[in-house]
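Everything on this sheet refers to the single structure shown next.
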Amino acid sequence: MGDLLAREEAPLSSEEWARLDQVVVETARRYLVGRKFIPLYGPLGAGLPAVPAVALSGFEGETSITAASPAWVPLKRLQKDFLLEYAALETAKRLDLPLDLSAAAAAAYVVATEEDDLIFNGCADCGAEGLLNAKGVQKVEADSWETAGALFADVVKALEALGSAGCPGPYAVVVAPSVWAMAHRPLGGGQMLESTVIENVAKAGFLAAPAMGSKQMLVVEIGSQNLDLAVGMDLKVAYLGADNLNHPFRVMETVALRIKRPQAIVVVG
């Protein structure tokens, strides 16, 4: 991993590397949504190109539960480069100032949003399915959410579908930020917010994800028996070598969503 990331070649002290890593990881955690309710599998190693898909069967009846691996899921590399300029590095050293790492934070933000887009929408180019378009997920038609209480009514419909499929919870509910904000409205002219009522049944979280469409809602029974996020190389920062006296770096990771039991997922829309 050390040779791959070429960190020893960068003009940064160990303390500066530690702060850079902290900024990148903390920024990514702030914006990652999928990881708030999807368990992780790994890290498995930087060089791994794919992981076995897992399809579970045997939940009902007396047969044993089996985990078949009918295919492989590619670990997609997500990355974004950022630049630390020579002048900024020299100024920080001469004046004993901390490095401005806002470019690194911005790169971490981009990778985080790309990871969530992969989780929710998949990747047509690499043949990966997302939570919103995977085969076999349950679908419920949405009503208009303009009226207070309508959003919660659709959550109840999704929970009923999950319960009928043998998925008793706990559940996570994910919507677009605009829908999440709209849910913070009182019900029936009282003081109880619709978001509070949803949170009472969404014990794994009522979350806002920019990767979601404004007319979509996702209700998922959490647990590694249903899905996980396979991680080859977790979020890392690599040094790319000097370029015209400036210093380019790369924030990168490799991940793959594995949906094992699509019946545990309801798409409302």
- Has segment 172-179 got any residue that is part of a helix (DSSP H, G or I) and either of a type in the set (Phe, Trp, Tyr) or surrounded by 18 or more Cβ atoms within 10 Å (Cβ to Cβ) (or both)? yes
- Return the only residue of Ala128, Ala103 being at pLDDT below 95 and either under 25 Å from Met252 (Cβ atoms) or among the β-branched types (Val, Ile, Thr) (or both). Ala128
- Log entry, pairs with first residue in segment 135-150 being at positive phi and touching a residue at least 60 places away in the same chain (Cβ under 8 Å), second being outside any loop (DSSP other than H, G, I, E, B) and surrounded by 12 or more Cβ atoms within 10 Å (Cβ to Cβ), beta carbons closer than 7 Å, six or more apart or on different chains, reads Gly136/Pro262; Gly136/Gln263
- Tell me which residues, restricted to segment 219-256, are surrounded by fewer than 22 Cβ atoms within 10 Å (Cβ to Cβ) and polar (S, T, N, Q). Ser224, Gln225, Asn226, Asn244, Asn246
- Message: Only one of Ala67, Ala18 is out of contact with any Asp or Glu (no Cβ under 6 Å at 6 or more places or on another chain) and at pLDDT below 95. Can you tell me which?
- Response: Ala67
- Message: For segment 47-62: of the residues being loosely packed, with under 13 Cβ neighbours inside 10 Å and at pLDDT below 70, which is nearest to Val255 (Cα to Cα)?
- Response: Gly58
- Message: Among the residues of segment 90-137, what is the count of those that are in contact with a Pro (Cβ under 6 Å, 6 or more places away or on another chain) and crowded, with 19+ Cβ neighbours inside 10 Å?
- Response: 1
- Message: Consider segment 183-197. How many of its residues are touching a Phe, Trp or Tyr at 6+ places or on another chain (Cβ under 6 Å) and either closer than 15 Å to Asp116 by Cα or buried (at least 20 other Cβ atoms within 10 Å of the Cβ) (or both)?
- Response: 1
- How many of the residues in segment 210-257 are among the basic types (Lys, Arg) and in the same structural domain as Asn200 (by TED's automatic domain parsing)? 1
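The values are calculated or read from the model by the stated rules, or taken from the named source; none is laboratory data. Note that the coordinates shown come from a computational prediction; the quantities given were computed from them, not determined experimentally. Note that we place each Cβ from the backbone using ideal geometry, even for glycine, and neighbour counts take in every protein chain shown.
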